[in-house]
Amino acid sequence: MRTQDEILMQHELEVAEGILESKEQYRKIVKAAIAQWVKDLQAGNIKMQTVADLERLIELDIKLQRDDQ
């Protein structure tokens, strides 16, 4: 029979794993968005005054990486 502490620890582990999985998915989305932004820039669909969008994506990606540590 498992103790309350073991049950709580198992629950906390499952929650932490879920958070890590979500962060991995978010990073994939951010990476895809950055790649699409670069393609659009190269195709001439984005003008240089919209670089702020890329900066936000990069900052988000860095934050997600930092939180993984």
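The values are calculated or read from the model by the stated rules, or taken from the named source; none is laboratory data. None of these values were measured; they are calculated from a predicted model. Here Cβ is always computed from backbone atoms with ideal geometry, including for glycine, and neighbour counts include all displayed protein chains.
Remarks
- Condition broken by Leu60, with the remaining ones in (1) at pLDDT below 85; (2) among the aliphatic types (A, V, I, L, M); (3) touching a helix residue (DSSP H, G or I) at 6+ places or on another chain (Cβ under 8 Å) satisfied: (1)
- For Met1, the conditions (1) among the aliphatic types (A, V, I, L, M); (2) in contact with a helix residue (DSSP H, G or I) (Cβ under 8 Å, 6 or more places away or on another chain); (3) not in a helix (DSSP H, G or I) all hold with the exception of (2).
- Boolean, Gln25 is part of a helix (DSSP H, G or I), within 11 Å of the chain's Cα centre (by Cα) and among the polar types (S, T, N, Q): yes
- Glu55 vs. criteria assigned to a helix (DSSP H, G or I), modelled with pLDDT of 90 or more, charged (D, E, K, R) and surrounded by fewer than 11 Cβ atoms within 10 Å (Cβ to Cβ): no
- Flag for Lys47 being exposed (fewer than 11 other Cβ atoms within 10 Å of the Cβ), at pLDDT 90 or above and of a type in the set (Lys, Arg): no
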